[in-house]
1. Quick check on this structure: which one of Phe346, Phe395, Phe380 is of a type in the set (Phe, Trp, Tyr) and at pLDDT below 90?
2. Residues of the stretch 127-160 being touching a Phe, Trp or Tyr at 6+ places or on another chain (Cβ under 9 Å), among the polar types (S, T, N, Q) and under 21 Å from Val213 (Cβ atoms), which ones?
3. Within the stretch 291-332, can you find the residues that are of a type in the set (Ser, Thr, Tyr) and over 26 Å from the mean Cα position of the chain (by Cα)?
4. So for the stretch 256-264 (the condition being open to solvent by 60 Å² or more (accessible area, probe 1.4 Å), at pLDDT below 80 and at positive phi), does at least one residue qualify?
5. Do the conditions hold for Gln70, that is, is it open to solvent by 10 Å² or more (accessible area, probe 1.4 Å) and without any contact (Cβ under 8 Å) to a residue 40 or more places away in the chain?
6. Among what's in the stretch 53-99 and is among the hydroxyl-bearing types (Ser, Thr, Tyr) and over 23 Å from the mean Cα position of the chain (by Cα), pick the residue that is nearest to Cys138 (Cα to Cα).
7. Do the conditions hold for Cys138, that is, is it open to solvent by less than 10 Å² (accessible area, probe 1.4 Å), under 23 Å from Gln54 (Cα atoms), free of Cβ contacts under 8 Å to residues at least 60 places away in the same chain and not charged (D, E, K, R)?
8. Specify the residue that is farthest from Thr408 (Cα to Cα); the eligible residues are those in the stretch 316-335 that are out of contact with any strand residue (DSSP E or B) (no Cβ under 6 Å at 6 or more places or on another chain) and either in a loop (DSSP other than H, G, I, E, B) or aromatic (Phe, Trp, Tyr) (or both).
Amino acid sequence: MLKCSAPGPPSVTGFLLPAHQPLHPSYVYHPVQTEEHFLAMNHRHRLLGEFIKQSKNGCATLRLSGQDGQASYPVYGLGTSVQGCIDVHRTEGVTSVEVQIEGILKLEQVAGGGTTTYKLCWCKNILWVKDRLRGLPCPNSLRFALSLPTTFSDGEKTFPLPPSYEAHLSGLPGFRAYIHYALTAQVVKPDDVPNMVKSAFLRKDDWAIATPVLYRPRSRPPAAIPPPLVTHPHYGLTETIKWKAATSTILANGCGQGIIVKVCCSPSSYMRNSTSIRWQLHLPTPRIFCVQQPIPFYISFHASSVALALFKPLAPFTCPSVRKMQITRIRLMRQTSVDICNALIFGTKSDMWTVDCIGEAAFKHIGEGSDWLAYSGEVFIANHITLGGFRAGGFSVRDCLVLTVNPTDLTTSPFKEMRMVVPIQFTTDRWIEGGPDLTLYGSGLEIASGEPDFPHELPDQ
């Protein structure tokens with residue numbers, strides 16, 4: 001099973017990954033002109049608390065500003081500066097004080113497949129060193145500021161700095177992957193006790209303070225969800241340019257008749273063809289959604305009245321209690337992929353992956369005519385999903401919507417199976433006109449852009 005930074009009950013399957021482009025927003029350190037006003041407006045809403053942690057011996061305290069004082073770990077966003085101070089309560093004998101932040105990406109294949117580790121970032125700041133000539137004591141408080149980079153390189157490509165994340169695929173073979181960031185403050189004090197009399201209570205790390213750091217780059221969609229679709233009594237759903245349509249066909253099972261299926265995540269175009277069921281999934285252009293909100297959609301089926309009558313037993317159910325019995329389904333799928341060696345074996349990629357369902361659609365019948373049938377609905381996203389897809393070195397997370405029509409008995413069904421995959425992208429925050437009024441962990445709330453990508457083939461589930 002898959003275990004990630006926000007765990008949830010997964011279902012594991014695999015499929016062959018073709019070459020793909022990274023699915024991530026192109027993060028920009030400096031806000032564009034349209035974002036300057038938004039960042040200035042929200043400056044007063046930034047967190048004013050402190051994250052506080054003491055050393056084991058209680059002689060030093062790490063204070064990180066701009067944090068939620070009740071949080072278990074400090075959280076930082078895109079292009080932010082890690083600011084705070086180190087309080088030294090016993091300065092006698094201290095020779096230096098330093099602080100560093102480090103990020104690593106570790107990919108490990110279970111059962112001896114090897115391990116790959118990438119250093120995502122490393123920054124060290126020596127805050128104070130004892131002047132042996134003047135002999136001045138260490139200050140009681142030392143302030144610092146460490147800047148997080150916005151990108152990292154694996155030696156071949158440059159990627160946006162990835163968020164904190166963990167994933168685990170059980171089984172043989174399997175994999176473990178994690179992206180961790182940590183901050184360490186060290187008060188250096190030479191040993192003043194002979195080695196023979198040292199005890200476990202005088203360990204060197206008693207003066208060290210280490211804490212995991214959660215890196216959460218934030219983003220928002222480039223535009224709001226377009227107005228809902230309307231239906232025409234003769235043509236069904238009416239399409240607009242604000243929605244991008246994905247189209248597929250349900251073929252007849254042996255007799256040559258079919259239906260046109262149109263899945264629309266807002267206004268969709270209609271097609272009239274009595275020999276095929278063509279569906280068009282209309283999603284806002286680009287297909288970028290806030291992970292906190294359901295994904296709206298419309299789905300329409302176009303065919304002759306005879307074909308539609310045959311198809312109706314396979315059409316979506318609108319009652320929630322029978323959702324698991326759906327023959328026509330729209331599911332939200334997440335693929336987690338790990339490539340340990342980044343190599344080809346007999347011309348085939350050697351990576352491993354898992355695909356999990358993280359959301360499913362609920363349907364509502366909105367109309368029908370002599371040659372069309374239409375539904376609206378929403379895809380509800382699992383509560384534990386808080387981050388969108390990304391790619392970093394040999395580790396990638398990608399999302400897509402999958403439309404399937406799976407008759408229970410193909411030997412008697414008038415139509416064949418159908419499957420279509422539509423890549424999408426998630427942002428952490430929702431779009432609000434004029435700029436969302438949100439608390440920021442840093443100055444990097446970025447407008448997501450780019451075309452999502454996902455393999456064209458998915459396994460049966």
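1. Step by step, each of Phe346, Phe395, Phe380 is checked, and only Phe346 is of a type in the set (Phe, Trp, Tyr) and at pLDDT below 90.
2. Passing the criteria: Thr150, Thr151, Ser153.
3. Passing the criteria: Ser300, Ser304, Ser305, Thr318, Ser321, Thr328.
4. no
5. yes
6. Thr91
7. For Cys138, the condition - open to solvent by less than 10 Å² (accessible area, probe 1.4 Å), under 23 Å from Gln54 (Cα atoms), free of Cβ contacts under 8 Å to residues at least 60 places away in the same chain and not charged (D, E, K, R) - is met.
8. Cys319
The values are calculated or read from the model by the stated rules, or taken from the named source; none is laboratory data. Source: prediction; values computed, not measured. Cβ: placed from backbone, ideal geometry, glycine included. Neighbour counts: every protein chain shown. Quick note on the areas: whole protein, heavy atoms, side chains included, nothing else; ligands and nucleic acids left out. Shrake-Rupley method; radii C 1.70, N 1.55, O 1.52, S 1.80 Å.
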